[in-house]
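Engineer: Sharing a structure, written as structure tokens. Questions coming.
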Amino acid sequence: MNKKNDEMSNLTLSQVEELRKENRDREIAFSASLMQSSSGHIGPFTSEITLTYRNVFTNIGNAYNPITGVFTAPLKGAYMFRVSVYSHGPTPSGASIYKNGERVVLAYAHQPQRELNSSNGVVLILEVGDVVYVRLWPNARIFDSENNHSTFSGFLLFPLREQELCRM
């Protein structure tokens, strides 16, 4: 324990600041719901649309854009994303998480009446500049209100270096 303390005391102030900055660059997390101040349904539409989650709870690192609904990876790494959908029957509710234009997972619910809800999540390996977003399923709708039923969230699990990807 004393050896560790001795090593830490040998760090210069600039080295400590550099370590803090390096860790700050790794702080990437966001969470948002669809509606900022109102309530209602979005959809149904005959084709998919990208959803914009405008009620941002957290956007550490500013990688999520609430105007476009798109998360852009600022750092190569493993990221966790989650989507939840809520609505009312009989119209189904469904939304997919996309990575760079490819559907990855779907949260979907359908029943003749009452409330519908579903969620799904995925861990993705992203390169700098990769994009992740949510699209409403065709002929489905999604509901949100001040209770924040329908959400999209993501965060960096850990950064990756080039050689770490070779082991996968």
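Engineer: Report whether or not A140 is assigned to a loop (DSSP other than H, G, I, E, B) and open to solvent by less than 20 Å² (accessible area, probe 1.4 Å).
Structural biologist: Details: assigned to a loop (DSSP other than H, G, I, E, B): yes; open to solvent by less than 20 Å² (accessible area, probe 1.4 Å): yes.
Yes, satisfied.
Engineer: I would also like to ask the following. With respect to V134, determine if the residue is over 22 Å from S37 (Cα atoms), touching a strand residue (DSSP E or B) at 6+ places or on another chain (Cβ under 6 Å), part of a strand (DSSP E or B) and β-branched (V, I, T).
Structural biologist: Details: over 22 Å from S37 (Cα atoms): no; touching a strand residue (DSSP E or B) at 6+ places or on another chain (Cβ under 6 Å): yes; part of a strand (DSSP E or B): yes; β-branched (V, I, T): yes.
Judged against the criteria, V134 is not a match.
Engineer: Just to be sure I understand the filter: pairs with C-beta atoms under 6 Å, separated by 6 or more residues or on different chains, first member in the range 61-76 and on the phi > 0 side of the Ramachandran plot, second member modelled with pLDDT of 95 or more and surrounded by fewer than 16 Cβ atoms within 10 Å (Cβ to Cβ). Which pairs pass?
Structural biologist: Close Cβ pairs (under 6 Å, with a partner that is modelled with pLDDT of 95 or more and surrounded by fewer than 16 Cβ atoms within 10 Å (Cβ to Cβ)) amount to G69/T50.
Engineer: Next up: Would you mention how many residues in the range 34-60 are part of a loop (DSSP other than H, G, I, E, B), touching a Phe, Trp or Tyr at 6+ places or on another chain (Cβ under 8 Å) and open to solvent by 30 Å² or more (accessible area, probe 1.4 Å)? Explain how you work it out, then say what you get.
Structural biologist: Filtering the range 34-60 for residues part of a loop (DSSP other than H, G, I, E, B) gives 34-39, 43-48, 51-54.
Those still in the list that are touching a Phe, Trp or Tyr at 6+ places or on another chain (Cβ under 8 Å) too: 34, 39, 48, 51, 53.
Adding the requirement that they be open to solvent by 30 Å² or more (accessible area, probe 1.4 Å) leaves 39, 48.
Here the count works out to 2.
Engineer: Here is a check on your reading of the model: is V132 open to solvent by 60 Å² or more (accessible area, probe 1.4 Å), in contact with a Leu (Cβ under 8 Å, 6 or more places away or on another chain) and modelled with pLDDT of 95 or more?
Structural biologist: Working: open to solvent by 60 Å² or more (accessible area, probe 1.4 Å): no; in contact with a Leu (Cβ under 8 Å, 6 or more places away or on another chain): yes; modelled with pLDDT of 95 or more: yes.
Taking the combined requirement at face value, the residue does not satisfy it.
Engineer: On the basis of being modelled with pLDDT of 95 or more, open to solvent by less than 30 Å² (accessible area, probe 1.4 Å), β-branched (V, I, T) and under 20 Å from F45 (Cβ atoms), does I67 make the cut? Before the answer, list the steps.
Structural biologist: Working: modelled with pLDDT of 95 or more: yes; open to solvent by less than 30 Å² (accessible area, probe 1.4 Å): no; β-branched (V, I, T): yes; under 20 Å from F45 (Cβ atoms): yes.
For I67, the condition - modelled with pLDDT of 95 or more, open to solvent by less than 30 Å² (accessible area, probe 1.4 Å), β-branched (V, I, T) and under 20 Å from F45 (Cβ atoms) - is not met.
Engineer: A further question on this structure: Could you tell me which of the residues S118, S84 is within 23 Å of F30 (Cα to Cα), assigned to a strand (DSSP E or B), touching a strand residue (DSSP E or B) at 6+ places or on another chain (Cβ under 9 Å) and touching a residue at least 60 places away in the same chain (Cβ under 8 Å)?
Structural biologist: Numbers: S118 fails: touching a residue at least 60 places away in the same chain (Cβ under 8 Å).
Only one candidate qualifies: S84.
Engineer: Test K76 against the stated conditions and say whether it is surrounded by 20 or more Cβ atoms within 10 Å (Cβ to Cβ) and either over 25 Å from M35 (Cα atoms) or of a type in the set (K, R) (or both). So that I can check it myself, show each step before the final result.
Structural biologist: Numbers: surrounded by 20 or more Cβ atoms within 10 Å (Cβ to Cβ): no; either over 25 Å from M35 (Cα atoms) or of a type in the set (K, R) (or both): yes.
No; evaluated as a whole, the condition is false for this residue.
The values are calculated or read from the model by the stated rules, or taken from the named source; none is laboratory data. Bear in mind the structure is a predicted one, so any value in this text is a computation, not a measurement. Every residue, glycine among them, receives a Cβ derived from its backbone with ideal geometry; neighbour counts consider all protein chains shown. Quick note on the areas: whole protein, heavy atoms, side chains included, nothing else; ligands and nucleic acids left out. Shrake-Rupley method; radii C 1.70, N 1.55, O 1.52, S 1.80 Å.
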